[in-house]
Amino acid sequence: MSTMSTLTTPKFQNAKKSHFHQDLKNRVNEYFAKARKSSTGNFGLYFKAILFWTVYVALYVHVLFFTPGTWLALSECLMMGGLTAAIGFNVMHDGGHGSFSKSKFWNKIAAFSVNALGASGIMWNNKHNIIHHTYTNIDGVDDDIEIKPLLRMCPSQKNISSTVSSTSMSGSFIPCCCWSGSLNPITASTSNAKWGSFRSSE
C-alpha cells in the first residue's frame, strides 16, 4: 500500500528586517506616477486582445467548418497554437492579476477567457497567483518551474548537460515571450531591481 508524501510548506523569515518588498512597490508606483501611465491595460493591450481573439476564432471556424487542405490545416493549427500562447500571456495573465483593466468585471472576463481555450481560470489562479507568487522558484513547491528537461529554472534542479547552459536554451524563447507577453513597466521595474544586489533605501 503506497503512502502519500507530505510537503513541508516553506517559511520565510525577514531576519535582517529588509524593506525590499515595500521599497520595490514604492519604486514601481513612483515610475507610473512620473511617467503618467496607468498600471492597468491601455489601448495597445485591448487592441491585441481583440486582434488575437478575432484571428483565433476565424482560424478555428475555418479549420472546423471549411475543411481546408492538409498543409493549410496544419499551418492554421500552428497559428492557433501561437495565438493560444499569445492570449494566455496578454489577456488571461493580466486579467488574472487584475491588471488588464480598471474594471473588475473585465478583469474576470479576461482571466476566465482561458476556459474557452480548454484550460481553467480557477486552476491557473491556484497554481500561479497563490502558489507561484508565494513560493516563487522554490523547487518542489512552485510547479511553474517544473518544465524539465527543456529548461533549468533554479540551481537545485539537475543540469541535464554541462555543455549546454540553461541560459542559452532559454534564450531561444525570449523573442517569443517579448512579442507575445505583456512586457509592462512593472515587469521591467521588478527586473531592474536586481534582487541579489538590492539595498534598502532606509
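None of the figures in this text is laboratory data; all of them are computed from the coordinates on show. Please read all numbers here as calculations on a predicted model, not as lab measurements. Positions of Cβ are generated from backbone atoms using ideal geometry, with glycine treated the same way; all protein chains shown enter the neighbour counts.
Restricting the range 56-146 to trypsin sites (Lys or Arg not before Pro) that sit in a DSSP loop and have at most 14 other Cβ atoms within 10 Å of their own Cβ leaves 102. With label points built 7 Å along Cα→Cβ from the Cα atoms of residue 106 and residue 22, find their separation and express it in nm. The two pseudo-label positions are separated by 3.4 nm. Here residue 16 is the anchor, and the lysines within straight C-alpha reach of less than 27 Å, apart from those fewer than 8 places off in the same chain, are 25, 194. Evaluated with a Cβ-only charge set (Lys, Arg +1; Asp, Glu -1), the range 45-143 carries a dipole of roughly 400 debye about its Cα centre, given to the nearest 20.
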